[in-house]
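**Student:** My structure is below; once you've seen it, I'll send some questions.
The values are calculated or read from the model by the stated rules, or taken from the named source; none is laboratory data. A quick note: this is a predicted structure, and the numbers were derived from the prediction, not measured. Counting neighbours? That spans all protein chains shown, and the Cβs are built from the backbone with ideal geometry, glycine included.
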Amino acid sequence: MTDLKDTSKRIRRTIVELAHSSRGPHVGSALSCADILTVLYFDVLRLENWAQRDVFILSKAHAAMSLYATLAERGILDRGLLPGYCRNEGDLPAHLDRFSAPGVELSAGSLGHGFNMGLGMAYAFKKQNNGRKVFVVIGDGETQEGSIWEGALFAPTLGLDNFTVIVDYNNLQGYGRPNELCSFTPLKEKWQSFGWHVIESDGHDHDALRLALHADSQGKPKVVIANTTKGKGVSFMEDQLIWHYYIVTDEHKAKAFEEIQ
């Protein structure tokens with residue numbers, strides 16, 4: 001069995017390297033969901049038969065570094081593409097483009113869209129009597145989008161027990177705390193009232209995430225509220241708003257690598 005702890009460290013190291021080499025933003029957002037993607041790609045998603053694979057969508061596509069790093073670690077994406085992240089003439093854009101590399105299932109970036117496109121895929125699989133499942137990660141700031149709640153109303157009506165949404169609930173978005181900008185709490189009770197099977201989990205505890213993601217959906221679409229920390233794994237980035245946009249310098253990279261190791 002894959003050592004998820006070591007795997008997540010390697011993924012975090014790649015994220016920091018990509019942020020440093022590109023001088024691009026969103027390193028905090030990518031580190032926030034690194035453990036979620038580690039568990040999905042190395043324990044949960046069925047990928048052996050690629051034509052019948054489970055589908056993963058990163059709806060908070062500004063955290064693209066986390067997906068690229070995970071796909072490379074899983075052997076789906078050629079590591080030789082990584083130096084082209086967020087660069088002119090490079091192959092990997094800062095927001096996801098499904099034509100850029102294997103394993104990128106959806107072009108995303110406008111928040112709230114990936115969720116509902118994943119819902120549509122799950123519905124198609126149901127209509128085809130296909131056992132494939134769809135997993136979508138959304139941000140807590142993204143949860144303010146009206147399109148999220150339209151889909152949240154519709155999924156239980158369609159009986160989509162093959163559809164799992166993970167909320168990367170790090171309590172920070174681009175300009176502050178969600179409850180300061182457009183509060184959506186109480187989150188658990190809200191999803192339950194919309195007819196979803198809701199599980200809360202520590203979003204950095206691999207065993208807890210495994211249990212939540214493998215848990216029976218009880219005939220409903222499932223949402224896992226993953227309590228996370230923006231910038232997780234690098235102490236000076238953790239729960240700091242500036243790391244939504246701040247640039248990783250040579251000094252930052254050296255300090256981050258030391259902590260991750």
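**Student:** Hey, does segment 32-52 have a residue that's within 19 Å of residue 168 (Cα to Cα) and out of contact with any helix residue (DSSP H, G or I) (no Cβ under 8 Å at 6 or more places or on another chain)?
**Tutor:** Within segment 32-52 (the criterion being within 19 Å of residue 168 (Cα to Cα) and out of contact with any helix residue (DSSP H, G or I) (no Cβ under 8 Å at 6 or more places or on another chain)), the answer is yes, since at least one residue qualifies.
**Student:** Moving on to the next point. Looking at residue 247 and the list (1) of a type in the set (A, V, I, L, M, F, W, C); (2) under 22 Å from residue 37 (Cβ atoms); (3) in contact (Cβ under 8 Å) with a residue 60 or more places away in the chain, which single condition is not satisfied?
**Tutor:** Of (1) of a type in the set (A, V, I, L, M, F, W, C); (2) under 22 Å from residue 37 (Cβ atoms); (3) in contact (Cβ under 8 Å) with a residue 60 or more places away in the chain, only one is false for residue 247: (2).
**Student:** Considering each of 222, 188 in turn, give the residue that is more than 24 Å from residue 65 (Cβ to Cβ), touching a residue at least 24 places away in the same chain (Cβ under 8 Å) and over 17 Å from the mean Cα position of the chain (by Cα).
**Tutor:** 188
**Student:** Give segment 223-235 a look and list any residue that's hydrophobic (A, V, I, L, M, F, W, C) and touching a Lys or Arg at 6+ places or on another chain (Cβ under 7 Å), or say none.
**Tutor:** Of everything in segment 223-235, just one residue is hydrophobic (A, V, I, L, M, F, W, C) and touching a Lys or Arg at 6+ places or on another chain (Cβ under 7 Å), namely 225.
**Student:** Can you tell me which residue is farthest from the chain's Cα centre (by Cα) among those in segment 241-260 that are hydrophobic (A, V, I, L, M, F, W, C) and farther than 23 Å from residue 173 by Cα?
**Tutor:** Applying the first criterion (hydrophobic (A, V, I, L, M, F, W, C)) to segment 241-260 yields 241-243, 247-248, 254, 256-257, 260.
Among the residues that remain, those that are also farther than 23 Å from residue 173 by Cα are: 254, 257, 260.
Numbers: 254: 25, 257: 22, 260: 20 Å.
This residue is 254.
**Student:** Please note which strands (runs of 3 or more DSSP E) are completely contained in segment 150-261 and include at least 1 residues that are in contact with a Cys (Cβ under 8 Å, 6 or more places away or on another chain), among the charged types (D, E, K, R) and at pLDDT 95 or above.
**Tutor:** Those strands (runs of 3 or more DSSP E) span 163-169.
**Student:** Right, another one. Go through segment 49-98 and count every residue that is crowded, with 19+ Cβ neighbours inside 10 Å and among the polar types (S, T, N, Q).
**Tutor:** The number of residues fulfilling the criteria is 3.
**Student:** Residue 89 - would you say it is farther than 22 Å from residue 28 by Cβ and not hydrophobic (A, V, I, L, M, F, W, C)?
**Tutor:** Yes.
**Student:** As an exercise: evaluate residue 169 against (1) in contact with a strand residue (DSSP E or B) (Cβ under 8 Å, 6 or more places away or on another chain); (2) surrounded by fewer than 17 Cβ atoms within 10 Å (Cβ to Cβ); (3) touching a residue at least 40 places away in the same chain (Cβ under 8 Å) and give the number of the one condition it does not meet.
**Tutor:** Checking residue 169 against (1) in contact with a strand residue (DSSP E or B) (Cβ under 8 Å, 6 or more places away or on another chain); (2) surrounded by fewer than 17 Cβ atoms within 10 Å (Cβ to Cβ); (3) touching a residue at least 40 places away in the same chain (Cβ under 8 Å), the one that fails is (2).
**Student:** Working only within segment 41-54, note down all residues that are more than 16 Å from residue 77 (Cβ to Cβ) and under 20 Å from the mean Cα position of the chain (by Cα).
**Tutor:** Pass one, segment 41-54, residues more than 16 Å from residue 77 (Cβ to Cβ): 43-44, 46, 48-49, 51-52, 54.
The answer is 43, 44, 46, 54.
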